[in-house]
Structures are given as C-alpha cells and as structure tokens.
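Encoded as structure tokens, the structure appears first; notes follow it.
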Amino acid sequence: MHVPTPEDFRALTDWGLVERPFAAIDDYSAEREHRRTENDRHQRRRREQERNASAEFVADSQAYYRSMDRPIDRTKWSYLKRRKAWFQPPVGWNRFAAPGTSRVLDLGCGDGDQTQRVADFVAGQWLSAGYDGFPLEIVGVDLSESRVENARRHTRSPHEKITLRFETGDTVAGLDYGDDFFDHTLVMGLFEVLGDDPLEAVLDELARLTAQGIYVRDILDAYPGLTPRPDLSARLADRGFDTVERHKLFEEPFVATGTHDPLDVWPMNVHQVLFAAATDPPSPEDRY
Ligand SMILES: C[S@@+](CC[C@H](N)C(=O)[O-])C[C@H]1O[C@@H](n2cnc3c(N)ncnc32)[C@H](O)[C@@H]1O
C-alpha cells in the first residue's frame, strides 16, 4: 500500500459515507455477489491475497500478531480509518451514545482507527441530541503491543466526557475484568483470524464481559488463515445474545468491472455485520 495521496482521500469522499454511513448495506445484493466473478480486478486481487498470505500468519495467527512490529504513520492511519468505514457501518452504535452506557470495549482493536470512529460517532450523537454527554470509557484491547502503541499515538478523545484507553491483552487466555464489566463490545475482524478452538474461548469471554450488546464485523470469504463463520448468530444465541440486525456487504462499493478502491489493493470481499443484544441483561444495580 502506497502512502495515500490527497486524490486517494478525495476518492473516498466520493463514496458518500458522510451523508449515508450505511451505504454499503444497500449496495450489496446476492446477485451482485455472484457477479463479482466477472470482475477481473476482484479475481486478480483475490488470487494475490491468497498467494501473498504470510506463512507465519497462516501457521499461527496468534504468534504472528504477538510479534508484529509495525508502526503506522498518521496519513495511512487516517486513510484506513475512513476506508474501513464502508464495510464497518455503525449498526447499533446509537446504543453506545444512549444514557446508561458507560463502558465500551473494542476487542482486537488493532491500530485504534476504528475505535476512534466509535468515539467520534458517540460525540456526534450527543451533539445532535443536544446532550452534554455522560462519562464514557472506551477501552481497546489487542494482542499486538505495536498496534496498541499505534492506537495510543494516533487516537484523540473528541469529547471531554469520553476517555480512550488502550492495552495489550489476549482474549483467548482471558481478560482481567469482572463479569458484565462492559455495556457493549465491538469485535471487528478478530473472529476471522482465529481457529475454531480459540474462537470458542473468545466467544465465551466476550459473553462473560458484555452486559448488553455485541457488534461484529467478520469476513465471509475463505482465505488462507481466515475462516468465515456464517453461523455466528447461532453461536452468539447459544451464549444469550440474539441478533437484532445482520447484513452482508462488500469491502468496497460494487462495480461490475474495474474498481472503486482508490488504492487498488483489496479484493471485493464479502463480510457480515451484525448487532446482537443480551436476551436477559443484568440490572444496573448488580453491575455498578
Ligand atoms: C484483522 S485485525 C482487525 C483490527 C481492528 N479491529 C480493525 O477493525 O481494524 C485483527 C486484530 O485482532 C488482534 N488479535 C488477534 N488475536 C487476538 C487475541 N487473542 N486477543 C486480542 N486481540 C487479538 C490482532 O492483533 C489484530 O490487531
């Protein structure tokens, strides 16, 4: 990926996400998913992604992330923050801004660019509702120390009532927080990098830590080292979280041929995005 230019940023603006943050949901259809096969760029990028998969990542994603050393500059960070907004739309995020929410967890937060989007979204909701806001702590946890450092370096709280905190942690082994500590948890692109056994451990830990709601974005295309989980809603339901909204969407705006991806880096993968709510949430008195 080259350093994004002002033109690359302008191309993202053309995607219209400021006016329509959920544009990717309307853009997807099963018929278009089938038509991806006619898109030469998608096929070429797909083959490249398969070929270029790092052997260390495929062999052991946990060791790969743990030893990763990848500082990211602010231009790339800002670009990726906006680029990923297409396929990580704010489904259910209005709940994060509602009175009564005081702790949100971003599990596998990476460089914190999407955690920043969550904070910006909440501050925006408060502003348009005319609230002063409520004290809200957003915690990002990641296995990679290097990524946690990136997150600490680049994120900024957009509101005096919002605290952003980042720490290293291994969700497979378990995190040092009490049951139902967080009101809501986001899991963007973590399940897809885990094998079946670690995934089960992470789902158990997620359900233990979360009192009310879970947002997930995860890939639905198979790649070396990446496992699609189309049955994720059933696995969450087994743990007391019912899916209230679920969508399939593309990684970038659909085009029959050519590309809308300004950097021409990624294939037009398909992902699922869902929000699941606790069927029997604990009462606030039991939590605080
Ligand atoms: C595909 S990246 C997604 C990053 C970020 N959520 C985003 O949307 O940009 C997956 C992230 O999960 C983290 N991760 C992998 N295994 C983990 C574990 N056991 N505990 C915590 N984080 C983990 C990786 O370090 C990596 O940053």
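Here are some notes:
- The C-beta contact set for the range 269-288 (first residue in a strand (DSSP E or B), second residue loosely packed, with under 11 Cβ neighbours inside 10 Å, distance under 8 angstrom, 6+ apart or interchain) comprises 272/230.
- Residues within the range 179-235 that are surrounded by fewer than 16 Cβ atoms within 10 Å (Cβ to Cβ) and of a type in the set (Phe, Trp, Tyr), tallied: 0
- Any hit, the range 168-180, residues being assigned to a strand (DSSP E or B) and either closer than 24 Å to residue 121 by Cα or within 9 Å of the ligand (Cβ to nearest atom) (or both): yes
- Of all the listed residues (28, 64), the sole one being within 30 Å of residue 170 (Cβ to Cβ), at pLDDT 90 or above, of a type in the set (Phe, Trp, Tyr) and surrounded by 10 or more Cβ atoms within 10 Å (Cβ to Cβ) is 64.
- Residues being in contact (Cβ under 8 Å) with a residue 60 or more places away in the chain, within 26 Å of residue 175 (Cα to Cα), part of a loop (DSSP other than H, G, I, E, B) and more than 12 Å from the ligand (Cβ to nearest atom) - total across the range 70-107: 7
- Residue, nearest to the ligand (Cβ to nearest atom), within the range 195-225, restricted to residues that are under 15 Å from the mean Cα position of the chain (by Cα) and in a strand (DSSP E or B): 217
- Of the residues 142, 183, 120, the single one that is near the ligand (Cβ under 9 Å from one of its atoms), under 18 Å from the mean Cα position of the chain (by Cα) and of a type outside the set (Ser, Thr, Tyr) is 142.
- Of the numbered criteria (1) touching a residue at least 40 places away in the same chain (Cβ under 8 Å); (2) charged (D, E, K, R); (3) within 11 Å of the ligand (Cβ to nearest atom), the one residue 192 fails is (1).
One line per residue, one yes/no per condition, for (1) more than 19 Å from residue 24 (Cβ to Cβ); (2) surrounded by fewer than 19 Cβ atoms within 10 Å (Cβ to Cβ); (3) basic (Lys, Arg); (4) under 18 Å from the mean Cα position of the chain (by Cα):
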position: 248; (1), (2), (3), (4): no, yes, yes, yes
position: 255; (1), (2), (3), (4): no, yes, no, no
position: 264; (1), (2), (3), (4): no, yes, no, no
position: 268; (1), (2), (3), (4): no, no, no, yes
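- Those helices (runs of 4 or more DSSP H) of the range 1-64 in which 1 or more residues are touching a residue at least 60 places away in the same chain (Cβ under 8 Å) and within 30 Å of residue 94 (Cα to Cα) occupy 6-13, 23-27, 30-35.
The values are calculated or read from the model by the stated rules, or taken from the named source; none is laboratory data. Everything numeric here is computed off the predicted structure, so don't read it as measured data. Backbone-built Cβ (ideal geometry, glycine too); neighbour counts: all protein chains shown.
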